[in-house]
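Student: Please see the structure below; I have some questions.
The values are calculated or read from the model by the stated rules, or taken from the named source; none is laboratory data. Treat the numbers as computed from the prediction; the structure is a model and nothing was measured. Cβ atoms come from the backbone with ideal geometry, glycine included; neighbour counts cover every protein chain shown.
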Amino acid sequence: MSDSYKLIFEHNKKWVEAKIATNPDYFHELAKTQHPEYLYIGCSDSRVTAEDMMGAQPGDVFVHRNIANVINTLDMSSTAVIQYAVEHLKVKHIIVCGHYNCGGVKAAMTSQDLGLLNPWLRNIRDVYRLHQTELDAIGEEGKRYDRLVELNVQEQCINVIKMACVQERYILEEQPVVHGWVFDLRTGKIIDLEIDFENILKDIQKIYNLTDSDWVMSRKK
Ligand code: CO
């Protein structure tokens, strides 16, 4: 077995010791329950860690990661995570975080057959089609690539907002709020795209309105 693999368990042992050194009850308390305020949906890319870059601790963030941070209504995994986070954990914020230099987004910009990945990356090609005029007008390929990363985040935020559980809970409690971020691998900084959540929600409800506000409010009583 490789030494680097064995190292993981040594690191784990040190991590446990460090946690217990600051609080002997650390794991006893951690095991009780979780109340994360954040749902983080990001890319599986090994360079973009959720908790580490946010300075978050165990228990702070509920996490879902997949290739190119895609939310698709047919994907049971991501939609189940969102539903659980919204209805049971009652997270206050949902973050969709993309990143520059995203291999998934890059692959969706190129003409190649990637087998099983084709239907997944089709979601990003759909984002390109929605914003084709803007993207095609960007001459420099690197800038076009960066912009598609940002637009993919924006569209995946919209896919989150389309979900009935998100709309319903927002009517009741004015949360969760959906945020779009891009992690810049070149600087280590998180960029908040400052998507206009309230207005997107209003626009979306013209077409994707899955909740009757009066009915939702009547259930609250
Ligand atoms: Co990526």
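Student: Would a scan of region 153-164 turn up a residue that is within 16 Å of the ligand (Cβ to nearest atom) and out of contact with any strand residue (DSSP E or B) (no Cβ under 8 Å at 6 or more places or on another chain)?
Tutor: Yes: region 153-164 contains one or more residues that are within 16 Å of the ligand (Cβ to nearest atom) and out of contact with any strand residue (DSSP E or B) (no Cβ under 8 Å at 6 or more places or on another chain).
Student: Report, ordered by the first and then the second residue, all pairs with beta carbons closer than 6 Å, sequence separation of six or more or different chains, a first member in region 98-111 that is within 6 Å of the ligand (Cβ to nearest atom), and a second member that is charged (D, E, K, R) and outside any helix (DSSP H, G or I).
Tutor: So the pair list comes out empty.
Student: Here's another thing I want to ask about it. Quick check on my filter: what residues within region 76-92 are more than 16 Å from the ligand (Cβ to nearest atom) and either farther than 17 Å from Tyr170 by Cα or part of a helix (DSSP H, G or I) (or both)?
Tutor: Met76, Ser77, Thr79, Ala80, Val81, Ile82, Gln83, Tyr84, Ala85, Val86, Glu87
Student: Are any residues in region 34-51 modelled with pLDDT of 95 or more and more than 16 Å from the ligand (Cβ to nearest atom), and if so, which ones?
Tutor: Gln34, His35, Pro36, Glu37, Tyr38, Leu39
Student: Please go through region 17-46 and give me each residue that is part of a helix (DSSP H, G or I) and either surrounded by 19 or more Cβ atoms within 10 Å (Cβ to Cβ) or in contact (Cβ under 8 Å) with a residue 12 or more places away in the chain (or both), ordered by number.
Tutor: Leu30
Student: Those residues that are exposed (fewer than 15 other Cβ atoms within 10 Å of the Cβ) and within 25 Å of Glu150 (Cβ to Cβ), I need them from region 52-74; list them, please.
Tutor: Once the filter is applied, which keeps residues that are exposed (fewer than 15 other Cβ atoms within 10 Å of the Cβ) and within 25 Å of Glu150 (Cβ to Cβ), region 52-74 yields Asp52, Gly55, Thr73, Leu74.
Student: Considering only region 151-169, how many residues are in a helix (DSSP H, G or I) and among the basic types (Lys, Arg)?
Tutor: 1
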